[in-house]
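The values are calculated or read from the model by the stated rules, or taken from the named source; none is laboratory data. Every value quoted in this text rests on a predicted model; they were computed, and no experiment measured them. Ideal geometry is used to build each Cβ from the backbone, glycine not excepted, and the neighbour counts take in all protein chains shown. Protein only, heavy atoms only, side chains kept; ligands, DNA and RNA dropped before computing areas. Shrake-Rupley method; radii C 1.70, N 1.55, O 1.52, S 1.80 Å.
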Amino acid sequence: MALLGNQVMTHGLRHSRHGAVLLASILSAALVVGCSGDHEDREAKDPKPSTTPSATSDQTEALEKKVEEALGIADVDDTNGQFVESGLERVSDGIHARSALTNGKSYTLAVVCAGVGKVRLAVTAKRPVRQTVECNSVPVRQRITNAPDQLVTDVEGLEGSTGVIGWRIDELRGVP
């Protein structure tokens, strides 16, 4: 306690406090200027996205509906237990599905592309099967007998292709 009454210590503490207050003020001002400048730059570089739907999204929705209708997945009735899995993707994203199946059973895989161009379909059950599919909204079907426990389905759009691709897997009953 004797040290706190010392004039040298008291004088030093007063200057330390003033220095700390001054430093805090400078840093606060720099932070405010830096943040506000960054905000203005960001707004200038990144305009706000439009809230009106684009023609592209409307076209995509129409193509999705075509694919759903072609595959019969718009309103799947699974009362018979045959439906296994389905999905939709944009051609630009492709399909990279790993579907769990029951080893030894039989299935059908249907793939549809709606849009423009062609896609490359690769299905790997026991051995890979590859084919090119037109984006003409017509389903391509493949039968998988004595299935493995996983079916690998990959679809990639060929150059210049756009649209929507979909797939559906159903179990075949009464077929080994």
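Details
- Scan of the range 130-157 for residues that are closer than 16 Å to H96 by Cβ and surrounded by fewer than 16 Cβ atoms within 10 Å (Cβ to Cβ), ordered by number: R130, Q150, V152
- In the range 124-143, of all residues being aliphatic (A, V, I, L, M) and at pLDDT 95 or above, the one that is farthest from V84 (Cα to Cα) corresponds to V133.
- For the range 159-170, residues that are open to solvent by 50 Å² or more (accessible area, probe 1.4 Å) and of a type outside the set (V, I, T) total 2.
- Restricting V119, V111, V91 to those that are surrounded by 10 or more Cβ atoms within 10 Å (Cβ to Cβ), touching a Pro at 6+ places or on another chain (Cβ under 8 Å) and modelled with pLDDT of 95 or more reduces the list to V111.
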